[in-house]
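The values are calculated or read from the model by the stated rules, or taken from the named source; none is laboratory data. Note that the structure is a prediction, hence the values are computed from the model and not measured. A quick note on method: Cβ atoms are made from the backbone with ideal geometry, for glycine too, and the neighbour counts reach across all protein chains shown.
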């Protein structure tokens, strides 16, 4: 089933537009006040690093990468971001009882 679903061979031609789309999405999340500017900058910086690896031909694919999008996400290894509260919205609920 993995071979059937894997599109990485074809997706390798689409890495640049995938990164452009992810950058645009990050910018839209920042405009919607769902990311801070610092969070957006961190994501875009990581995407720039991944793009340089693809451009140089040094990006390493993993056999478990289904497509360029999942390969990019794996490579970014983004640490969980701190919750960001939009102005006027209630704070997210805290963890329940342990």
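Residues considered: 11, 65. Of these, the only one that is in a loop (DSSP other than H, G, I, E, B), modelled with pLDDT under 90 and surrounded by 14 or more Cβ atoms within 10 Å (Cβ to Cβ) is 65. A Cβ distance below 6 Å, combined with a sequence gap of six or more or placement on separate chains, defines the contacts here; from segment 9-21, residues that are more than 16 Å from residue 56 (Cβ to Cβ) reach residues that are part of a helix (DSSP H, G or I) in the pairs 11/68; 14/68; 18/68; 18/69. Residues that are out of contact with any helix residue (DSSP H, G or I) (no Cβ under 7 Å at 6 or more places or on another chain) and surrounded by 17 or more Cβ atoms within 10 Å (Cβ to Cβ) within segment 22-56 comprise 39, 42, listed in sequence order.
Only residues that are assigned to a helix (DSSP H, G or I) and farther than 17 Å from residue 72 by Cβ were counted in segment 23-38, giving 5.
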